[in-house]
Amino acid sequence: MSTSFRRKAAAVTFAVLALSLAGGGIALAQPSAKAPQEAVQPAARTNFQPPVTAESARMAKAALKSGAATTLAATTSVVVVNSNGTKARGVGTVIKYGVGQYEVQFGYVVTSSVIVATVGRADACCIPPAGEISVAPRLSTPNGVFVQTRNSAGTPTDLGFHLVVHLP
């Protein structure tokens, strides 16, 4: 009986040793230098749209009234917006809310449309600065699109953009 106990004890000892070495190997594979916390975590991002102003609601209703006479089976609208919120070309009304926050209103309801945007310049010069862009239908404004622009670190930044809205 003592022989089988010694064999089991030896097997358990080797198993514990093997697991310890394997765990140590995994621990050694981890990077030894820790990156600064601000380099690991980008700037805090908000996914909230600012509240709709009375002026924005009035403009949205006026745009819907003016576009209500047209009944298109499918339509595509394109607008190019400068970083300061002015429209360079295209259709729609642009409202700038704050740093990197824009609303573009159209003469038709866009809630079921395909919305695509990219950071871009209005002129033919140069590659635009690196950055990120997000788009969504504007809350409480059925004919509006909300656009947010950020730099590559995730900080809200004013960037020019190109916006395409396709209503099938």
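The values are calculated or read from the model by the stated rules, or taken from the named source; none is laboratory data. These numbers come from a predicted model, not from an experiment. Note that each Cβ is placed from the backbone with ideal geometry, even for glycine, and that neighbours are counted across all protein chains shown. SASA here: full protein model, heavy atoms, side chains in, ligands and nucleic acids out. Shrake-Rupley method; radii C 1.70, N 1.55, O 1.52, S 1.80 Å.
Give the number of residues within the stretch 79-96 that are in contact with a His (Cβ under 9 Å, 6 or more places away or on another chain) and more than 16 Å from Pro128 (Cβ to Cβ).
The qualifying residues number 1.
Out of the residues in the stretch 67-98 meeting the condition of being at pLDDT below 75 and open to solvent by 60 Å² or more (accessible area, probe 1.4 Å), tell me which one is farthest from the chain's Cα centre (by Cα).
Pass one, the stretch 67-98, residues at pLDDT below 75: 67-73.
Next cut, open to solvent by 60 Å² or more (accessible area, probe 1.4 Å) only: 68-73.
Values: Ala68: 31, Ala69: 34, Thr70: 32, Thr71: 32, Leu72: 30, Ala73: 30 Å.
So the residue we want is Ala69.
Identify, by number, the condition in (1) open to solvent by less than 60 Å² (accessible area, probe 1.4 Å); (2) hydroxyl-bearing (Ser, Thr, Tyr); (3) at pLDDT 95 or above that Thr118 doesn't meet.
That leaves (1) as the condition not met.
Out of the strands (runs of 3 or more DSSP E) lying entirely within the stretch 95-142, which hold 2 or more residues that are within 15 Å of Pro50 (Cβ to Cβ)? First the steps, then the outcome.
On the way: elements: 101-105, 114-119, 132-137.
Filter on the stretch 95-142 gives 101-105, 132-137.
Filter the stretch 137-168 for residues that are within 19 Å of Gly90 (Cα to Cα), among the aliphatic types (A, V, I, L, M) and out of contact with any Lys or Arg (no Cβ under 7 Å at 6 or more places or on another chain) and give the result.
Hits for the stretch 137-168 are Val147, Leu159, Leu163, Val164, Val165, Leu167.
Checking the condition open to solvent by 30 Å² or more (accessible area, probe 1.4 Å), among the aliphatic types (A, V, I, L, M) and in contact with a strand residue (DSSP E or B) (Cβ under 9 Å, 6 or more places away or on another chain), which residue from Val109, Val104 passes? Working first, answer last.
On the way: Val104 fails: open to solvent by 30 Å² or more (accessible area, probe 1.4 Å).
Exactly one of Val109, Val104 is open to solvent by 30 Å² or more (accessible area, probe 1.4 Å), among the aliphatic types (A, V, I, L, M) and in contact with a strand residue (DSSP E or B) (Cβ under 9 Å, 6 or more places away or on another chain), namely Val109.
Do you know which residues across the stretch 102-152 are within 18 Å of Thr86 (Cα to Cα) and basic (Lys, Arg)?
Result: Arg121, Arg150.
Would you please list the contacts, defined by Cβ atoms under 7 Å and residues six or more apart or on different chains, that run from a residue in the stretch 68-81 that is under 14 Å from Val110 (Cα atoms) and in a loop (DSSP other than H, G, I, E, B) to a residue that is modelled with pLDDT of 75 or more and open to solvent by less than 90 Å² (accessible area, probe 1.4 Å)?
Close Cβ pairs satisfying both conditions: Ala74/Leu167.
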